[in-house]
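Read-outs throughout are calculated quantities, based only on the coordinates presented, and are distinct from any laboratory measurement. Please read all numbers here as calculations on a predicted model, not as lab measurements. Cβ atoms come from the backbone with ideal geometry, glycine included; neighbour counts cover every protein chain shown.
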Amino acid sequence: MQGTGHIALVTGGARSGKSALAERLAAKLAGGPDGARIYIATAQPLDGEMAARIALHRKRRQDGWRTIEEPRDLTGALLGSDGQGVRLVDCLTLWLANMDGRADVAGLCDCLAAQRSPVVLVTNELGLGIVPADRETRRFRDAHGWMNQALAAVADEVWMSVSGLPLRLKPERNIA
């Protein structure tokens, strides 16, 4: 079944402003700050520092968001919330890590193609640095890069946040 939901992917480095950009895109897709918005959180507060990061995100979002905490069954969370408003998934990097780098990315892409309501996805851009020294980190970095490519291919729009500034990557501007 082919959906009609708009898919936006937001990427960037750590603390680049990608989550704030994704929240602005979600508000726009929801028709403004009063539109139905659902935050699908993949982070788990496994230590104090991560708990503080989660609290910072919650504080910035303030009211108007319903939260679904789902670190592993992302497809199930999307299927279960479709038709209830725009969904913001933050973040795919943590989801992939929660799945030990072996997430069903093809299944997620199929799920996104069938969505009726908009979805904004947040991911990190990991491949801009040096080649990791150990095999497991290289395996994760590669799986993450392939995940980002697959999701960018099915997304209607792709954004990158650099130093808090949005850069639109897709749809491309026509330079003719």
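When the GluC sites (Glu not before Pro) in the range 103-176 are filtered for DSSP coil states and for at most 14 other beta-carbon atoms within 10 Å of their beta-carbon, the remaining sites are Glu172.
Within the range 43-142, the trypsin sites (Lys or Arg not before Pro) that combine a DSSP coil assignment with at most 14 other C-beta atoms in a 10 angstrom radius are Arg72, Arg102, Arg116.
Which value in deg cm²/dmol, rounded to the nearest 500, describes the helix-derived mean residue ellipticity at 222 nm for the chain, given -39,500 (n - 2.57) per DSSP H run of n ≥ 4 and division by the residue count? Rounded to the nearest 500, the figure is -12000 deg cm²/dmol. In a simple Cβ point-charge model (Lys, Arg +1; Asp, Glu -1; nothing else charged), the range 73-169 has a dipole of about 160 debye relative to its Cα centre. In this structure, the amide hydrogen of Val162, modeled 1.01 Å from its nitrogen in the peptide plane, lies closer than 5 angstrom to those of Leu167, counting only residues at least 5 positions away or on a different chain.
DSSP assigns beta bridges within the range 7-170; of those with both partners inside it, close to 20 percent run antiparallel. Counting only whole DSSP H helices of the chain, the ones at least 24 Å long by C-alpha along their axis and with mean Kyte-Doolittle hydropathy no lower than -1.0 are 135-154.
Charged side chains reduced to their Cβ positions (Lys and Arg at +1, Asp and Glu at -1) give the chain a dipole of some 460 debye around its Cα centre.
Any idea what the relative contact order of the range 22-123 is, in percent, if you count C-alpha pairs under 8 Å spaced at least 6 apart?
Values: 152 pairs, mean separation 36.0, N = 102.
Contact order relative to length: 35 percent.
For the range 24-90 versus the range 130-155, the inter-centroid distance based on Cα atoms is 23 Å.
Take the Cα of Leu169, go 7 Å toward its beta carbon, and the backbone nitrogen atoms of the range 14-44 under 15 Å from that spot belong to 14, 16-19, 22. Between the listed residues Gly76, Gly17, Pro118, the Cα displaced farthest toward the positive end of the dipole of the chain, a dipole computed from Cβ unit charges relative to the Cα centre, is found at Gly17.
Between Thr137, Leu169, Cys91, the Cα set farthest toward the positive side of the dipole of the chain (charges on each charged residue's Cβ, about the Cα centre) is that of Leu169.
Equivalent ellipsoid semi-axes for the chain, as square roots of 5 times the alpha carbon gyration tensor eigenvalues: give them largest first, rounded to whole Å.
Values: eigenvalues 104, 77, 62 Å².
Semi-axes, largest first: 23, 20, 18 Å.
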